[in-house]
Structures are given as C-alpha cells and as structure tokens.
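The values are calculated or read from the model by the stated rules, or taken from the named source; none is laboratory data. These numbers were taken from a predicted model, which means no experiment stands behind them. Note: ideal-geometry Cβ built from the backbone for every residue, glycine included; neighbour counts use all protein chains shown.
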Amino acid sequence: MSERAWRGKESLEYESQTRSEIIPFLERRGFRQLVDRSVRIGSAQKQSIKAETSEGVGVLIRVKLCWRQRDLRPGKQPFHAAELIAKIRDGDWEGSLERYVDAAKREGVTHFLFIGREGDSISHAALLPRAALIPVWSEQSRISDQLIHEGRLGNRHKNHARNGLSPTLWLQDRMAPEVTNALWNRPDVVDLMRTGFVPDVDDSMDDLAGFDATLFGSDGAERIQVLRSGVKRDPKVRREVLKRADRRCERSGCGARRNFAGFIDVHHILSAEVSDRIYNCVALCPNCHREAHFAPDRDTINAELLAFALRFQ
C-alpha cells in the first residue's frame, strides 16, 4: 500500500497546505528571490526552497514538516517533532545521519527548516545550518537518555531522538524542555517565530561598530517603545576572531592595524542570523567592513572573505 493510501485525505491536505505556505512565510521573514525546487520521490515530497538572505547571500533550504498536532484540548501536552530519515541502516544511527547530511550537501542544501503547525497557522519554525543537524540530534539524544535514567519522564522510556528506527528532531515537548533547549539554545539556530521579529530590519548592521539603528532623533526627543529583531551572538566567537587576527584587518591586500582596542570590527560574512561561528567571521578594519556591506562588488568581497574564513572550520 502506498504512503498516500494509508495516510488519508486529511493528512495529505494538511501537508499540501503547510508546504504551500512556506514561501510566503519566508518572504515575511526577509528572504528574497524564493523558488520552490520541490521534487516528488514516489509518494513522498522533498521540498527545497532556493532563496537569498536580506544581504543577497544565496541559500538552499530543505523543509522538514513536524508531526501533526492532533489533540489540542486543554490539559494535553503539545509537542512538535520531525523525522530526519524514515529508517536507519544496519543499526547505525550516526552513520545513517552522516550519509543523509552528505547527500543534502551534494544537492547544495545549506540549511534545514523545521516547521510546526497548530490549528490554521505555523507555530514553530527553526532554521539551522546543515552542519548543525547532527550535533543537535546527538545532544537531544544524550539529554533524553539522561532524563530517562533519572526517572524524570515518568512512564516514558523511549529516547526522543531515537523514534523506533527513525532519527527525530524535537522542537517542542513541554514535559522535557531540556531536550528541545538543545535546539533553541544553539547560537546558529534561528527561531523564525521569535517575539518582536521585524522582517524589514537588516540586523546585520549590528556588526558595524558604533552604529545603533534604534537611536535616531535629537536631544529631548519623546521616548517610545520599539520592537526590533535581534540575533544572539556568542562573545567567545568575537574574542577568538580578534585573537586570531591580532588587531589586523584580515582582508587580503589590506592588513590595516592599530595598537588600541575597538579599531577592528568582527564581520559576519553570511550574517549572524545564518551562522555565529568563527568560520563565518573575519576581522576587518572600518573601511573594509563597510565595503563588505555596501560596495557595489560586495558579493565578490564576501565570497573572498568566506573562502578565507572557512579555513578555520
């Protein structure tokens, strides 16, 4: 019996509706030039979205839908989780996931987007870099084992991440928030549903030293409340990049240096929202930093900077 036969009309309609909402959802989050490159393999659909970030960086996002939340009655414990692959091979969890990620890499996938839905609207959306998938799954598996061993899950004795023979990633489980925190607390994971998200704000401007986009106006201006997006940054990343550069601009052909703190900026090449890792960051002098953001050939500049930064991956 085919998957489409045993799943039922309601389930298939739910999937179709959710997948059709992905592009409008990403557009509202500031992505541009979106193209749905979905393909159907047998009865299953593999959805990939080609897009550009607000800085013009190209990405290919593989969409993973979470299990449907069927029972929303008061008192029920909602959860959101998605299978990564249907079945592991030869009992090899890590190896099966590595093959899955390698295949995604060959297809050009840069990120995974996990989508959860409650009722008529998307309720959870986690965007994570391809390289983060296995570490997040492994950490969720470790934490789940620990909670089970300590008896903190009551009658539940099945590991969250090891669902039968299917590796599974969890976005929400109110009975075990420690498991889902392994996803949401990572600095390279973007919560696209976070409170106060303003899609028209280019958060990458926060990389520019001395520039604060929230402080416009004049002396004595009226104080108002402003909702503004923000991407969490790990200060250890900044410290390591500055230590690596030894206060010198890392752009080829520049090398500007000053013997005082604050001269060198740390530039997130693919934006901090995409990745807050040392291999997405370079130390730049103020002139080179602004060229990386505003010069007509900024795409070429950032491509060269990325090639340099990736040496430290």
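Yes or no, residue by residue, for (1) over 30 Å from residue 192 (Cα atoms); (2) in contact with a Ser or Thr (Cβ under 6 Å, 6 or more places away or on another chain); (3) loosely packed, with under 13 Cβ neighbours inside 10 Å; (4) touching a residue at least 12 places away in the same chain (Cβ under 8 Å):
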| residue | (1), (2), (3), (4) |
| --- | --- |
| 259 | yes, no, yes, yes |
| 263 | yes, no, no, yes |
| 280 | no, no, no, yes |
| 287 | yes, no, yes, yes |
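Test of understanding: among 111, 149, 160, which residue is over 17 Å from residue 47 (Cα atoms) and touching a residue at least 12 places away in the same chain (Cβ under 8 Å)?
On the way: 111 fails: over 17 Å from residue 47 (Cα atoms); 149 fails: touching a residue at least 12 places away in the same chain (Cβ under 8 Å).
Going through 111, 149, 160 in turn, the sole match is 160.
Mind checking which residues of the range 240-257 are in contact with a helix residue (DSSP H, G or I) (Cβ under 8 Å, 6 or more places away or on another chain) and touching a residue at least 40 places away in the same chain (Cβ under 8 Å)? If you could, list the steps in order and put the result at the bottom.
Taking the range 240-257 and keeping what is in contact with a helix residue (DSSP H, G or I) (Cβ under 8 Å, 6 or more places away or on another chain), we get 240-241, 244, 249-252, 254, 256.
Once the filter is applied, which keeps residues that are in contact with a helix residue (DSSP H, G or I) (Cβ under 8 Å, 6 or more places away or on another chain) and touching a residue at least 40 places away in the same chain (Cβ under 8 Å), the range 240-257 yields 241, 244, 250, 251, 252.
Name the residue that is nearest to residue 178 (Cα to Cα), counting only residues in the range 134-150 that are of a type in the set (Ser, Thr, Tyr) and surrounded by 17 or more Cβ atoms within 10 Å (Cβ to Cβ).
This residue is 144.
Just checking, does the range 140-155 include any residue being part of a loop (DSSP other than H, G, I, E, B), within 24 Å of the chain's Cα centre (by Cα) and hydroxyl-bearing (Ser, Thr, Tyr)?
Restricting attention to the range 140-155, the residues satisfying the condition of being part of a loop (DSSP other than H, G, I, E, B) are 150-155.
Next cut, within 24 Å of the chain's Cα centre (by Cα) only: none.
So far as the range 140-155 goes, no, none of its residues is part of a loop (DSSP other than H, G, I, E, B), within 24 Å of the chain's Cα centre (by Cα) and hydroxyl-bearing (Ser, Thr, Tyr).
Give the residue, chosen from 223, 228, that is modelled with pLDDT under 80, touching a Gly at 6+ places or on another chain (Cβ under 8 Å) and not in a helix (DSSP H, G or I).
On inspection, the qualifying residue turns out to be 228.
When residue 89 is evaluated against the numbered criteria (1) touching a helix residue (DSSP H, G or I) at 6+ places or on another chain (Cβ under 7 Å); (2) modelled with pLDDT of 90 or more; (3) surrounded by fewer than 19 Cβ atoms within 10 Å (Cβ to Cβ), which criterion, by number, is the only one it fails?
That leaves (2) as the condition not met.
In the range 30-52, how many residues are surrounded by 18 or more Cβ atoms within 10 Å (Cβ to Cβ) and part of a loop (DSSP other than H, G, I, E, B)?
So the count comes out to 3.
From the list 153, 128, which residue is among the hydrophobic types (A, V, I, L, M, F, W, C) and surrounded by fewer than 20 Cβ atoms within 10 Å (Cβ to Cβ)?
The match here is 153.
Look at the range 235-256 and say how many of its residues are touching a strand residue (DSSP E or B) at 6+ places or on another chain (Cβ under 6 Å) and surrounded by fewer than 14 Cβ atoms within 10 Å (Cβ to Cβ).
Total meeting the criteria: 1.
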